[in-house]
Every structure is written in C-alpha cells, then in structure tokens.
Amino acid sequence: MIASDDFNDFAATGVNDYHQYFGTPTHDDHVLFELLIVGIFQVGLSWQAAASQLPVLRQQMAGLRVEVVAGYDDLDLERLLQAPNVMHNGRKLRAIIQDAQAIVKVQRQYGSFEAYLWAFVAQVPFHMLAPDNELPTQSPLGTRIAADLHRHDFTFVGPVVTQMFLLAAGIIQVD
C-alpha cells in the first residue's frame with residue numbers, strides 16, 4: 001500500500017515512481033488525486049508525458065493538496081496557464097480543479113474518496129484477465145464507476161480515463 005508521503009520523492013520527471021506504483025492498491029486520498037491527475041493529463045498523451053507533469057503541478061498547485069486546489073478560481077487558473085513548464089491545457093487544468101471540488105464533496109458524503117472508490121469492489125481489488133498481456137482500456141466496472149463519478153460532478157473521467165485510473169490505483173488488477 002502506498003501513502004501520500006511516498007509521492008514526495010518523485011524522480012525529476014515523475015515517471016519512475018508512477019511506473020513503480022502503478023497497480024499498487026492505494027487507500028490515500030492525496031495519492032488517488034495524483035493518480036487521477038495523471039489519467040486526466042494522459043488523454044492524447046503518453047502516460048510518461050502525463051506523469052512528468054506531477055512535480056511541476058505539485059510546485060504550482062500547493063502540493064496538489066485537494067482542499068487547496070478545490071478552492072482555486074479563475075485567477076488561479078490564469079496563473080497556471082502562464083506558469084512555466086505546466087502543460088497549458090485549460091480544459092485539463094479546469095478538470096483538475098473541478099475534480100478536486102468533487103473529491104471534497106465525496107469526502108463529506110462518504111468519509112473519504114478512498115472509501116467511495118473501494119466500496120465499488122467491497123474493499124478487495126477486482127481481478128480481470130488481460131488477453132495478450134494488454135491492459136484493458138475499458139471494463140463494465142470502469143464504465144459503471146465513470147458514470148457514478150460524473151453523477152458526483154467529476155469531469156474528464158470517461159470510461160477509458162476511469163479504467164486507467166482504477167488500474168493505476170490497484171482497484172482493478174490484471175491477471
């Protein structure tokens with residue numbers, strides 16, 4: 001199991017640790033938020049390019065503390081769009097802020113983001129087969145969770161992003 005402190009020592013690119021942690025059952029809301037961010041940034045990019053943004057985003061976004069990012073406004077977004085080394089994609093940056101706000105709401109309702117997510121699998125990682133050793137980009141479980149995330153005001157969490165997030169968080173594991 002990994003905890004939020006484990007993500008403080010990312011390599012300069014953020015790639016090595018993300019790769020190392022991918023698939024490890026994760027029960028820490030901060031780490032789950034960071035894994036979700038990689039999923040959001042991965043749309044249209046490689047996971048390496050997405051993970052490489054974590055150190056920059058931590059530096060520019062208050063350590064990616066959910067409760068702080070949830071309070072960001074249009075001025076903060078504009079600052080991020082001007083910040084050096086941040087991928088200047090307003091839709092993805094807005095999604096990070098909106099999803100932080102959604103996580104705060106989920107935490108109030110369920111006690112934690114972790115409790116909400118892991119309830120879908122009764123606290124036990126869901127195992128699925130990977131034909132030809134390929135990571136499945138969608139599953140019925142991922143699609144169901146994506147729909148529920150949308151119901152809780154998350155954005156940029158379609159079935160593929162959600163599936164990859166659940167795989168990264170170890171909620172879905174591939175055999």
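The values are calculated or read from the model by the stated rules, or taken from the named source; none is laboratory data. On a predicted model such as this, the values are computed, not experimentally measured, just so you know. Here the Cβ is made from the backbone with ideal geometry for all residues, glycine too, and neighbour counts use every protein chain on show.
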Seminar exercise, completed: Those residues of region 146-175 that are within 15 Å of TYR116 (Cα to Cα) and in contact with a Pro (Cβ under 9 Å, 6 or more places away or on another chain) come to a total of 6
For this session: Please give the number of the condition VAL157 fails out of (1) at pLDDT 95 or above; (2) in a helix (DSSP H, G or I).
Result: (2)
Exercise. Hey, does region 129-138 have a residue that's part of a helix (DSSP H, G or I) and surrounded by 12 or more Cβ atoms within 10 Å (Cβ to Cβ)?
Worked result: no
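Yes/no matrix, rows are residues, columns are (1) among the acidic types (Asp, Glu); (2) more than 17 Å from GLY14 (Cβ to Cβ); (3) at pLDDT 95 or above; (4) in a helix (DSSP H, G or I):
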| position | (1), (2), (3), (4) |
| --- | --- |
| GLY44 | no, yes, no, no |
| LEU77 | no, yes, yes, yes |
| ASN85 | no, no, no, no |
| ARG94 | no, yes, yes, yes |
| ASP99 | yes, yes, yes, yes |
| VAL104 | no, yes, yes, yes |
Seminar exercise, completed: Of (1) touching a residue at least 40 places away in the same chain (Cβ under 8 Å); (2) surrounded by fewer than 22 Cβ atoms within 10 Å (Cβ to Cβ), ASP74 satisfies every one except (1)
For this session: Return a yes/no flag: does region 120-128 have any residue that is part of a helix (DSSP H, G or I), without any contact (Cβ under 8 Å) to a residue 24 or more places away in the chain and more than 16 Å from LEU35 (Cα to Cα).
Result: no
Problem set entry | Flag if PRO55 is out of contact with any strand residue (DSSP E or B) (no Cβ under 8 Å at 6 or more places or on another chain), farther than 15 Å from ALA168 by Cβ and in a helix (DSSP H, G or I) | yes
Exercise. Among VAL86, VAL66, VAL106, VAL56, which is free of Cβ contacts under 8 Å to residues at least 60 places away in the same chain, touching a His at 6+ places or on another chain (Cβ under 7 Å), among the aliphatic types (A, V, I, L, M) and closer than 22 Å to TYR18 by Cβ?
Worked result: VAL66
